[in-house]
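Before any comments, here is the structure.
The values are calculated or read from the model by the stated rules, or taken from the named source; none is laboratory data. Model, not experiment: these values are computed from the prediction. Here Cβ is always computed from backbone atoms with ideal geometry, including for glycine, and neighbour counts include all displayed protein chains.
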């Protein structure tokens, strides 16, 4: 049997903000921890949603596949974030695949346990509403970008969003702290692998980004902001 | 002074589903009704969100403007639907313009009244979560469509969504029951007025739709489904 989870594991999670120690302990007691090796599926699009989920460690890609097989990356989930939980409150089916893109540890709450918890602690529902509200805004922004902006700006916006979400300072700039492929970037921005490669290569030759085997470092974040916002190019030196 | 509102006005609104008669009366007592003539702004993008809103009658267009002035129609709100309410739970600013596209009657609840109501009746928060969850899904679908489908299919999907949301049977087919311009359709699908006009004209010559002065009738919904889903064309007669 697995050792009991430390309640501290939920501290800092927006979904459980404002819960007192007893409620936190209750939430932890109902959670099931699972490890997922890089590449493993946490759940699958169209499958009945048996649980709500939160990530403790690692990174999970949420990717939706259309009827013709084209994929769109909806979000990368990081530590502390909930995911796949809305299905319980909508049609009961996962709307996308969730795939670990780094070795990950996930908590899940069976649907009945999650709705129970929410009933006893309405602050969780309120937290969920503000989290989902924030995500709705983000997707609305992305919809506007994909509908109206040229590809280069969309790619810049996507990378800047990842910097905010998963940026880690390194000597040469800010690194996206999980394996990110060019195909991922294409599927985040509604364009082709070819176009993403061309765009990143141009930026590399300008010293703005550095991208290697699934690693992306933004060397000049301000230059990327200028591209995203269509500002005049900055003078060299940043 | 305006006459007191009939509590029945909230009946059937998903946001207030499951409230008992007393709670419903309380919610109605706190609501402020307003009329908006066609073309009037209900609220403006970037403005401080002083209230939560719900529509009783008419139709309101939610449209977001990007930094360069390009617009994307996020949603048409119909009777019984809430709108502009999430800002209270996120950054406190309206993320888009809300414009009456038909003569409309709206209720609003000052932010403090809405959060109070939600605190006393947690079922409202739960309802809001499932409404917002459904909208997040819809926007995710649209993001996938705009990112991966060709224009003709996107336009077909947009019209079919409006049929479900605002379709009214008429002699010649199903009519979208509010004034819908070709520019609106362009701003729903991330394309140009020119492309929408060309697409609708082609469909008109095939007898699939009929569009006049801001009125759209779908004469052959099944043919439109076939286009949206990329099925082989149907034989004539439907």
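Below are the figures for this structure:
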| item | result |
| --- | --- |
| Residue A:132, sole failed condition from (1) assigned by TED's automatic domain parsing to the domain that holds residue A:222; (2) crowded, with 18+ Cβ neighbours inside 10 Å | (1) |
| Qualifying positions in segment A:76-96 - on the phi < 0 side of the Ramachandran plot, in contact with a strand residue (DSSP E or B) (Cβ under 9 Å, 6 or more places away or on another chain) and crowded, with 21+ Cβ neighbours inside 10 Å | A:76, A:77, A:82, A:83, A:85, A:86, A:87, A:88, A:94, A:96 |
| Count - residues of segment B:75-86 that are within 12 Å of chain A (Cβ to nearest Cβ), within 24 Å of residue B:37 (Cβ to Cβ) and outside any strand (DSSP E or B) | 2 |
| Count of segment B:139-151 residues which are touching a helix residue (DSSP H, G or I) at 6+ places or on another chain (Cβ under 8 Å) and either closer than 20 Å to residue B:92 by Cα or more than 9 Å from chain A (Cβ to nearest Cβ) (or both) | 1 |
| Hits in segment B:1-23 (condition: within 15 Å of residue B:105 (Cα to Cα), in a loop (DSSP other than H, G, I, E, B) and at pLDDT 90 or above) | B:13 |
| Unique match (being crowded, with 19+ Cβ neighbours inside 10 Å and touching a helix residue (DSSP H, G or I) at 6+ places or on another chain (Cβ under 9 Å)) among B:70, B:64 | B:64 |
| Checklist (1) closer than 25 Å to residue A:230 by Cα; (2) in contact with a helix residue (DSSP H, G or I) (Cβ under 6 Å, 6 or more places away or on another chain); (3) away from every other protein chain (no Cβ under 14 Å) applied to residue A:154, failing item | (3) |
| Selection within segment A:51-74 - away from chain B (no Cβ under 11 Å) and closer than 22 Å to residue A:137 by Cα | A:52, A:53, A:54, A:55, A:59, A:60, A:61 |
| Any hit, segment A:93-109, residues being more than 14 Å from chain B (Cβ to nearest Cβ) and under 30 Å from residue B:120 (Cβ atoms) | yes |
| Sole residue being touching a residue at least 12 places away in the same chain (Cβ under 8 Å) and more than 28 Å from residue B:158 (Cβ to Cβ), chosen from B:14, B:7, B:95 | B:7 |
| Enumeration of residues in segment B:12-47 that are surrounded by fewer than 13 Cβ atoms within 10 Å (Cβ to Cβ) and touching a helix residue (DSSP H, G or I) at 6+ places or on another chain (Cβ under 9 Å) | B:18, B:21, B:29 |
| Count of residues meeting criterion [surrounded by 14 or more Cβ atoms within 10 Å (Cβ to Cβ) and without any contact (Cβ under 8 Å) to a residue 12 or more places away in the chain] in segment B:205-233 | 1 |
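Residue-wise test of (1) more than 14 Å from chain B (Cβ to nearest Cβ); (2) more than 25 Å from residue A:138 (Cβ to Cβ).
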residue: A:188; (1), (2): no, no
residue: A:191; (1), (2): no, no
residue: A:201; (1), (2): yes, yes
residue: A:206; (1), (2): yes, yes
residue: A:209; (1), (2): yes, no
residue: A:213; (1), (2): yes, yes
residue: A:218; (1), (2): yes, no
residue: A:230; (1), (2): no, no
